[in-house]
Structures are given as structure tokens and as C-alpha cells.
1. Can you pull out the residues in region 54-73 that are closer than 15 Å to residue 92 by Cβ, surrounded by fewer than 19 Cβ atoms within 10 Å (Cβ to Cβ) and touching a residue at least 24 places away in the same chain (Cβ under 8 Å)?
2. Test residue 199 against the stated conditions and say whether it is closer than 9 Å to residue 106 by Cβ, buried (at least 24 other Cβ atoms within 10 Å of the Cβ), at pLDDT 90 or above and among the small types (Gly, Ala, Ser).
3. Kindly check whether there is at least one residue in region 83-97 that is modelled with pLDDT under 90 and surrounded by fewer than 22 Cβ atoms within 10 Å (Cβ to Cβ).
4. Can you pull out the residues in region 154-172 that are in a loop (DSSP other than H, G, I, E, B) and without any contact (Cβ under 8 Å) to a residue 24 or more places away in the chain?
5. Working carefully through the options 38, 48, find the one that is at pLDDT 70 or above and buried (at least 20 other Cβ atoms within 10 Å of the Cβ).
6. Would you mind stating whether residue 191 is modelled with pLDDT of 95 or more and closer than 25 Å to residue 267 by Cα?
7. Among the residues of region 146-170, write down those that are closer than 16 Å to residue 99 by Cα and hydroxyl-bearing (Ser, Thr, Tyr).
Amino acid sequence: MTTPTLAQPARSRIPLSHAARDSVTMLRRNLKHALRYPSMTVSVIAMPVMMLLLFDYAFGGTLGSGINGLHDVPGASGGAGGLKYIDYLAPGIILMAATSGALATAVGVCSDKTEGIVNRFRTMAISRASFLTGHVVGSVLQTLVSIVAVIGVALAVGFRPTADPLAWLATAGLLTLVTLALTWLSAAIGLVAATVESASNIPLPMQFLPFLGSAIVPPSSMPGPLRWFAEYQPFTPVIETLRGLLTGAPIGDHGVVALAWCLGLTLLGYLWARRAFNRGAAV
């Protein structure tokens, strides 16, 4: 006869319809937080807008002349006046708006964890996936709103995309996929970070990786090791695909590589976040 051992009470299996309802409830909660405390959303918009204005107005003349002197940049030496620097810059800054949203996700998830709200949710009869789903979907929606605002500013300062409706649809799809990938990674960071401060610092490299890609200048203008890094890091194919969709520049194999990076990072972030959440539940 075996000796009985203490065990946690068994969780009843939650139907899929209840899981969807719980996720919607969590989404509503996060959107209400965003409306009540808009400072984080404003900061997500402010950083890329400041970078757009800084590089276009302060450095645009010099950088634009340098790009127009390169022969491997489509449109740089063709047409009257060559390539406008704002048309080269805007796609990279638009992507930066997506990376800036990652910080808000990490801070929001970590704040809930450190304040004990996550533990409270674990004791309730709700879908365990709904907490992460609500955070991720809410953050994706907020970031997409920020991206639209940045695109509006870019248009106001002279960005003139030549994309047709189909290209705009593909652009929206790619930006959504990038945002989803970065949001899942940030949710995982928020769960493993010990404090809100560390959660706000860990995603910072993601915000500046576009600068070490093709966001500001072509990789061909960089010295050897930095050029290699710029060409093969994940954000460069995404930027080049966005640039091709919006301005009509050749995309080549950048589109396939960009999709592969986005799908891979989404899967990595999802598995990491789920593992971190489940590990916390077992403690």
C-alpha cells in the first residue's frame, strides 16, 4: 500500500470557448491600462519620431548625398535629383516603431509579475494562456497604432511612397508579423526579468539594431566586420523588404529571409514565454 502524498488540486480542463473568452477579458484589461496610462504609448511613438526628424533634418543632406554617390542603391543615381533621403530613411524608422513597442510589453508583463497579479490569476479558474495572450494581442494593437502615427509623421515631412494597395497590404502584414515576433520575445523577457527596471533595459538592444542594419545608411558603406553584421542581422532583410514594398525598390530574396526571421523569432518568443510562465507556476 502506497503512502498518500500531498498534491496540488487538479485543474479542470477549460473549454476552448472559455479560454477565448478569458483571453478577450485580459485583452480588454490591457487596453484599458493603455488608455488610463498613455505615457508608455506616447514614448513608443516619440522615440522613432525624434529619430526621423533628427536624421532627416540634421543629417539628411550629408547622408543623402553619400547614398546618391553609391551605385548599388536602387534609385540613388537615377532620375532628377537622385534618391530623396527621407524615402530611404522612413522604412527603417517605421520598423523602429515596432521595436520600440517591445519595451512597453516587457515592462507591462514584469509589472504584473512583481506586483503579484500573475500569482493571483494562477489561483483563479481561468485559462492559463489568457494572461500572455491578452498582453501580446494588446501590445500588438498598441504598437500598430504607434506605427500608423509614425507613418503619418513621415508623410508630413516629405516621405512619398509609391506603393499600390496590394503593396500596402503586404507592408501591413509584414509589420504585424514583426511586431508579433518582438512582442512574444518581450513577454518572455518581462517574465524572466527580476525588476521592472531590468525589464525596461533588456529590450533596448532591439531598438538600436535597425541602426546597425540598413535603416540609416546602406551596409555597403560600412567597414568590413560591421558590414557583415549589418547584412546578416534579422532587421536588415525586414527593412529592405519594407523599402521595396513602399518605394518600389527590388526586394530580391529579402522577403523570404524576412519572413523566416519573423516566424522563427515568433516561435522562439512563444516557447520561451510559455516555459517561463509555467516555470513560475511550478515554484
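The values are calculated or read from the model by the stated rules, or taken from the named source; none is laboratory data. Please read these numbers as outputs of a predicted model, since none were measured by experiment. Reconstructed Cβ throughout: ideal geometry from the backbone, glycine too, with neighbour counts over all protein chains shown.
1. 63
2. When the stated conditions are applied, residue 199 does not pass them.
3. yes
4. Listed by number, the list holds a single entry, 164.
5. 48
6. For residue 191, the condition - modelled with pLDDT of 95 or more and closer than 25 Å to residue 267 by Cα - is not met.
7. 146
Yes/no per residue for (1) among the β-branched types (Val, Ile, Thr); (2) crowded, with 20+ Cβ neighbours inside 10 Å:
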| residue | (1), (2) |
| --- | --- |
| 168 | no, no |
| 176 | yes, no |
| 182 | no, yes |
| 230 | no, yes |
